[in-house]
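In what follows, a single structure is set out as C-alpha cells and then discussed.
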Amino acid sequence: MHRLRINSCIFTLLSLVYVAASQLVAGAAHANSVIQVTDSSGQPVQDAVVYAELAGSPQIAKTATAEIQQKDKKFMPFVTVVQTGTSISFPNNDTVRHHAYSFSPAKPFELKLYSGKPAAPVIFDKSGTVIVGCNIHDQMVAYIHIVDTPYFAKTDASGAARLPAIPAGKYILKTWHPKQPASAPVQEQNIQIDSNGLNLTVKLNYKAG
Ligand SMILES: [Cu+2]
C-alpha cells in the first residue's frame, strides 16, 4: 500500500520533469523573427508597426496594459502598438494641463483637462488606428495601432522589427506606418513561420521619411 503510493509519487514527479523538459525544447525550437522595413525609396523606416495575424481568428488580450505619457508637450511614444483589449493610461508628466482626445472610429475618447494621472485608463477594444491629439496643444499627436494578435513589434531606428517567438504556421504579415495614406489598405503578405523564425524585408509603397 505504502510502496504503491511512493511509486505513483515518483511516476508523477517523472512525468512533470518530462513535461517541463519537452516544453523547454519546444520553446527553444522557435526562433524570433526579424522584419526589416524600408519605404518606397529603400530607406529604413522607424516607427513602422509589424504584426503577424492568424487568418480568421482574432486574438484578444484581456489584461494587457500600456502607457502613453505626456512630457515636454509631446505624447511619448509617438507610435504605440497594442493588442486589441489593451488598457492604455495617459499620465501627464508636464506641469501644464493637457486634454487628450481622439475622433478615430476605432476608439473615440476624451480625457478632459487634467494633470497627473487621469482616473481611468482607456480600453482599446477594436482593431484599427487611433490618432490622439491634445485640445490645448495642436502640435501634440500620437498614433495607436491596435492589432488582433499578440505577435507584433515596432521598427527601431535601423528599420528592424523584432517579433516575439511565433508558433509555427501560416500567418498574414501586416505592416503599417503613420505616413500610410489613410485611404490605403494596410500592406500585407502571406507568410509561413517555421522553427527558424523568419527574416524578411518589407518595402512600403509610400515615402515615410
Ligand atoms: Cu496638451
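Quick note: the coordinates plus some simple rules give every number you see, no bench work behind them. Just so it is clear, the structure is predicted and the values come from calculations on it, not from any experiment. Cβ coordinates were reconstructed from backbone atoms using ideal geometry, including for glycine residues, and neighbour counts include every protein chain displayed.
Neighbouring Cβ atoms within 10 Å as the yardstick, rank Thr155, Thr201, Thr38 fewest first.
Values: Thr155 25, Thr201 13, Thr38 17.
With the fewest neighbours first, Thr155, Thr201, Thr38 line up as Thr201, Thr38, Thr155.
Across region 31-127, how large is the tail of the calculated P(r) beyond 18 Å, expressed as a percent of all Cα pairs? Please list the in-between numbers first.
Details: 2709 of 4656 pairs.
It works out to 58 percent of all Cα pairs.
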* When the chain is fully extended, how far beyond the present Cα-Cα distance does Asn32 get from Asn196, taking 0.36 nm per residue of separation? -> 58.3 nm
* Over region 16-169, what is the percentage of antiparallel beta bridges among all DSSP beta bridges, to the nearest 5? -> 75
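Rank these for me by crowding, Ile193, Ile144, going from fewest to most other beta carbons within 10 Å.
Details: Ile193 21, Ile144 26.
Listing Ile193, Ile144 from fewest to most nearby Cβ atoms yields Ile193, Ile144.
How big is the dipole moment of region 113-209 about its Cα centre under a simple scheme where the beta carbon of each Lys and Arg is +1, that of each Asp and Glu is -1, and everything else is neutral? Debye, nearest 20, please. Before the final figure, lay out each step's value.
Numbers: 9 positive and 6 negative charges, 30 e Å.
Dipole about the Cα centre, nearest 20: 140 debye.
If each residue's Cβ is checked for other Cβ atoms within 10 Å, how do Lys62, Lys126, Lys154 rank with the fewest at the top? Don't jump to the answer; show the numbers that get you there.
Details: Lys62 8, Lys126 14, Lys154 19.
Lowest count first: Lys62, Lys126, Lys154.
Quick one: work out the % antiparallel among DSSP beta bridges in region 60-147, nearest 5.
Working: 19 of 28 bridges.
Beta bridges within region 60-147, antiparallel portion: roughly 70 percent.
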* Asked: If each Cα of the chain is one equal point scatterer, what is log10 of I(q)/I(0) from the Debye formula at q = 0.18 Å⁻¹?
  -> -1.25
* Structure fact -> Between the Cα axis of helix 2-29 and the main Cα principal axis of the chain, the angle (0 to 90°, nearest 10) is 40
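Nearest 500 deg cm²/dmol is fine: what mean residue ellipticity at 222 nm does the chain get from its DSSP H runs of n ≥ 4 alone, each adding -39,500 (n - 2.57), divided by its residue count?
Details: 1 runs with 28 residues, N = 209.
Result for the chain: -5000 deg cm²/dmol, rounded to the nearest 500.
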